[in-house]
1. For residue 198, indicate whether it is part of a helix (DSSP H, G or I) and among the hydroxyl-bearing types (Ser, Thr, Tyr).
2. Does residue 192 meet the test of being out of contact with any Asp or Glu (no Cβ under 8 Å at 6 or more places or on another chain) and either in contact (Cβ under 8 Å) with a residue 60 or more places away in the chain or not aliphatic (A, V, I, L, M) (or both)?
3. Against the condition outside any loop (DSSP other than H, G, I, E, B) and modelled with pLDDT of 65 or more, how does residue 30 come out, does it pass?
4. Take the conditions free of Cβ contacts under 8 Å to residues at least 60 places away in the same chain and over 19 Å from residue 104 (Cβ atoms) and apply them to residue 276. Does it pass?
5. In segment 205-218, which residues are surrounded by 22 or more Cβ atoms within 10 Å (Cβ to Cβ) and within 22 Å of residue 67 (Cα to Cα)?
6. Surrounded by fewer than 23 Cβ atoms within 10 Å (Cβ to Cβ), at pLDDT 95 or above, within 23 Å of residue 64 (Cβ to Cβ) and in contact with an Asp or Glu (Cβ under 7 Å, 6 or more places away or on another chain): is that true of residue 255 in this structure?
7. Hey, which of the strands (runs of 3 or more DSSP E) in segment 51-167, taking only ones fully inside, have at least 1 residues that are buried (at least 23 other Cβ atoms within 10 Å of the Cβ) and of a type outside the set (Ser, Thr, Tyr)?
8. Identify the residue in segment 219-238 that is more than 22 Å from residue 108 (Cα to Cα) and without any contact (Cβ under 8 Å) to a residue 24 or more places away in the chain and, among all such residues, is surrounded by the most Cβ atoms within 10 Å (Cβ to Cβ).
Amino acid sequence: MSAKRPVRRATPLRKPVAGTPAWVMPVAVVAGIAVLIAAFWVIHWYTTPLPPKPLSQDTTTVVVSMMTGLPASEFDAVGQGTANNLIKPVSGTKLLGSTGKPEVFYLGAEYCPFCAAERWPLIIALSRFGTFTGLQTTTSSSTDVYPNTMTFTFRKAQYTSQYIDFRAVETTDRDQNPLQTPSTSEQKLVSQYNTAGSIPFVDFANQYVFTGATYSPDTITGMSWQAVAGTLQQPDSTQAKAIIGSANLITAAVCKITGDQPATVCASATIQNLEKTLK
């Protein structure tokens with residue numbers, strides 16, 4: 001018998017596969033990027049804290065009164081507290097203000113969280129020598145470090161004192177839109193004493209200067225204006241030790257440029273001891 005030949009089965013026909021159009025891949029990449037960008041902004045929208053509404057003028061006045069009406073005994077109890085002494089002596093022609101008195105010059109911006117922190121002790125200290133009107137509440141930027149730090153702005157504030165002049169320049173608002181511009185002479189002293197261009201910058205009559213914040217903004221992160229003002233009436237609180245301590249350092253610098261006037265402020269043992277640290 002002859003061997004059976006193996007049956008050859010026909011290979012089934014395969015349907016031709018259409019090639020992927022060349023434009024599909026770039027479009028897919030672009031679409032993927034668009035999805036990622038959209039996701040980023042959705043996450044950003046829901047995770048970026050919204051700034052609180054500024055206080056009414058009446059409520060602002062109450063808060064300012066709380067923080068500037070502290071008794072001398074509390075300043076003495078806190079001393080330097082936990083504040084960092086950033087104040088350095090400089091030499092230059094004594095800076096006089098618009099009324100011929102020694103001038104304290106401040107340069108900052110509303111978006112800046114370090115400026116936000118430093119305005120608290122600056123207002124407290126200067127209120128020991130004079131009176132503010134027109135202070136308004138605001139917060140630092142929502143997108144910078146320490147977002148929405150509660151603070152005040154000097155943009156419309158007025159200050160009167162028989163001992164010093166105060167000049168403040170807030171260069172931009174919290175969204176970094178232009179606000180105020182230092183004069184030519186002010187820009188010169190900034191360039192002379194603040195070569196790094198840091199803010200806040202405070203000049204005490206060209207005799208002392210400091211840049212940056214004397215305490216960390218996270219000390220008051222998440223707190224309302226009323227809550228911060230409330231803690232300042234508790235000498236042992238973290239906020240009082242930082243803010244009142246900073247205010248005492250600023251007070252000592254102002255006393256140095258006023259010849260220790262008024263004595264009711266400058267003659268205290270606390271301020272006299274801090275003056276010695278300013279050299």
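The values are calculated or read from the model by the stated rules, or taken from the named source; none is laboratory data. Note that the coordinates shown come from a computational prediction; the quantities given were computed from them, not determined experimentally. Here the Cβ positions follow ideal geometry from the backbone for every residue, glycine too, while neighbour counts run over all protein chains shown.
1. Considered against the rule, which asks whether it is part of a helix (DSSP H, G or I) and among the hydroxyl-bearing types (Ser, Thr, Tyr), residue 198 comes out as no.
2. Criteria met by residue 192.
3. no
4. Spelling it out, residue 276 is indeed free of Cβ contacts under 8 Å to residues at least 60 places away in the same chain and over 19 Å from residue 104 (Cβ atoms).
5. 213, 214, 215, 217
6. No; evaluated as a whole, the condition is false for this residue.
7. In segment 51-167, the matching strands (runs of 3 or more DSSP E) lie at 103-108, 150-153.
8. That would be 231.
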